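Note sheet for the following structure.
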Amino acid sequence: MIIGPCTVLTGGPEPAVLEDAAVRVAGAHIAQVGPAGQLAAAHPDETLWPARGRVLLPGFVNTHAHLARHLARGLGLRGAAEWRRFLRARSPEDVYWSSTAALVEGVRHGVTTTCDFHRSGACLDLSLSEVVSAAGMVGVRVATCYGASEEDAPAERRAAVGECLGFAAEIYRRRDGRARGMVGVQATTLEGVERLFAEALEAAEGRLGVHVDLALDATPGERWRPPGAWREHGEPTLWAHAEAAPRGLLGEARDHGDALTAVGSGSAAAVVRVAEVGWGSDGAVNAPPLPEGVGGWAGGAPASSHYHRVFVHGARWAARHFGEGLGTVAPGAPADLVLVDYRPATEFSTRTLHEHLWAGLLRAPVAGVMVAGEVVLDHGGMVAVDEGEIAARARECARRVWERLG
């Protein structure tokens, strides 16, 4: 398949903007990137996905989401106790339809890969399968885990870790290139982070990534003691809510090559000077954040940092799980691509890219989405799923969950 003619944003640490270009996809990967006329002439028999002058860019990676919290929108939950009640009130069916609705929302904003952190007290042994089934239905990539919490009893934590290990083994046996299992932990104190993180590393045995949800109330100067096993762990850890972490943890994570994520746009400002920070939606809208404007415009170092946060840092972590080159438009990279209907009236080039991020590129309507070489969204419509049915099923599940909460 050839996608073009279009303007191509290549992504990666040193992005380029290519005008009147096209991308040739073979199987699940990008085969060629070049002038639209030359690619069309060289491969006249290949299917054309008409881009009609839109902008083609790499699919976004959401590095921290709670997909099954989608049903809580409108409930106005406040505090840990109310959230615990909500998490326990969901059935496997609720997890499936809420995750499906959240993933569809992500596709509509160009999100092709999501790292999900899950907790459901009533269906521990079924919920991760429901999340992956939802991702398979929508056609996107997902890495997920069941989080063992500091607030859980020891037996509950062991069960959560065991579920992560069993699920990851099943995904490996299935050779599912769009799903990955991880080990998840959630902690509210530094002592809890140290203990649960060490337990997770031991369980993962260097074969699985660890996803840490930092629900901390700590100061930047507080001391954190990393577990000794961290130095030998093979897969990079994913630290969510880096804005809540002490500086010592951020520095150690940076030196170890781990990935850090912060929610929203302003929350990343405090940590961006000491670490490379990606973005995560948490339980909010599944869309990359807009850069903060400076005097109405985003420019200079803040704009560059925001570009790297949205396009580079999350994709670098995800590439370890889903294929080198993820997050770039280049030969050999996975064909996870997004077409946006952005037609600027001024120069759109490598030189002006950062200005255009603020001015509208990140909120331009998404016209098409491809994941692993398969079209998921075409001309603004989902290809494999019925959005009306998904919305109706999710609303019905939400009604039942809300009734259970009284």
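Summary of values
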quantity: Neighbourhood net charge (13 Å Cβ-Cβ; Lys/Arg +1, Asp/Glu -1) for residue 377; calculated: -4
quantity: Peptides ranked, highest mean first, by Cβ atoms within 10 Å: ranges 176-189, 346-359; calculated: 176-189, 346-359
quantity: Residue 157 accessible area, 1.4 Å probe, all protein chains in place, Å² to nearest 10; calculated: 30 Å²
quantity: Protection-proxy order for peptides 8-20, 305-317, each taking the mean of Cβ atoms within 10 Å per residue, highest first; calculated: 305-317, 8-20
quantity: Residue 133-residue 207 FRET efficiency (beta carbon distance; Förster radius 25 Å; 0.05 resolution); calculated: 0.60
quantity: Inter-label distance, nm, simple model (7 Å from Cα along the C-beta direction), residue 402/residue 150; calculated: 3.3 nm
quantity: Ranking by accessible area, most exposed first, for 208, 238 with a 1.4 Å probe; calculated: 208, 238
quantity: Rounded to the nearest 10 Å², the accessible area of residue 195 at probe 1.4 Å; calculated: 100 Å²
quantity: Cut-off 11 Å between beta-carbons: net charge of the residues surrounding residue 172, Lys and Arg +1, Asp and Glu -1; calculated: +3
quantity: Whole-percent carbon and sulfur share, accessible surface of the chain, 1.4 Å; calculated: 52 percent
quantity: C-alpha long axis of helix 154-174 to longest principal axis of the chain, angle in °; calculated: 30 degrees
quantity: Formal net charge of residues neighbouring residue 286 (Cβ-Cβ distance under 9 Å; K, R +1; D, E -1); calculated: 0
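The values are calculated or read from the model by the stated rules, or taken from the named source; none is laboratory data. Just so it is clear, the model here is predicted, and its values are computed rather than measured. Cβ: placed from backbone, ideal geometry, glycine included. Neighbour counts: every protein chain shown. These area figures cover heavy atoms from the full protein model, side chains too; ligands, DNA and RNA do not enter into them. Shrake-Rupley method; radii C 1.70, N 1.55, O 1.52, S 1.80 Å.
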